[in-house]
Amino acid sequence: MPGGEIRVTVEPAGVTLTCLPDETMMQCATRHGMHWPTICRGAAQCSACRFEILEGEENFADEPPAEQALFRAVARVGASGNRVRFGCCAQPTGRATVLCRRARFLTEDKPAA
Ligand code: FES
């Protein structure tokens with residue numbers, strides 16, 4: 001954990017999550033009670049979990065083979081020019097801000113920052 005705590009802000013929800021080492025973005029969000037979009041339930045098959053990195057691209061682990069396979073069908077850069085990663089594969093390692101429009105809390109409950 002080079003930068004201390006692994007804290008990722010998810011926009012536009014506007015919530016900052018504290019992730020555990022070796023946890024994927026989706027696992028971290030789910031552990032905090034947040035819905036992260038998925039069809040394949042984290043099996044690296046659907047690409048629904050994709051998100052863009054707004055800040056801290058360097059604070060994600062390298063793409064595992066399953067994520068590299070997903071990029072055969074999905075561009076590595078989003079329409080706004082930001083780096084794309086997949087929530088069921090990408091492991092944050094430090095401070096970052098990501099954009100995932102369909103990630104949200106199913107209730108109004110948000111974890112304390
Ligand atoms: S949840 Fe389906 S590819 Fe990530």
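Points to keep in mind about this one:
- Test: residue in region 34-51 that is away from the ligand (no atom under 16 Å from the Cβ) and at pLDDT 95 or above: no
Residues are listed down the side, and each one gets a yes or a no for (1) of a type in the set (K, R); (2) under 23 Å from V15 (Cβ atoms):
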{"site": "Q45", "(1), (2)": "no, no"}
{"site": "E57", "(1), (2)": "no, yes"}
{"site": "Q68", "(1), (2)": "no, no"}
{"site": "R76", "(1), (2)": "yes, no"}
{"site": "A79", "(1), (2)": "no, no"}
{"site": "A103", "(1), (2)": "no, yes"}
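- In summary, Q91 fulfils each of the numbered conditions (1) modelled with pLDDT under 95; (2) among the polar types (S, T, N, Q); (3) within 15 Å of the ligand (Cβ to nearest atom) with the single exception of condition (1).
- Meets criteria (in contact with a Pro (Cβ under 9 Å, 6 or more places away or on another chain), within 15 Å of the ligand (Cβ to nearest atom), under 27 Å from E5 (Cβ atoms) and in a strand (DSSP E or B)) for V84: no
- Conditions (1) in a loop (DSSP other than H, G, I, E, B); (2) crowded, with 17+ Cβ neighbours inside 10 Å; number of the one not met by A79: (2)
The values are calculated or read from the model by the stated rules, or taken from the named source; none is laboratory data. Given the structure is predicted, the values throughout are model-derived calculations rather than measurements. Reconstructed Cβ throughout: ideal geometry from the backbone, glycine too, with neighbour counts over all protein chains shown.
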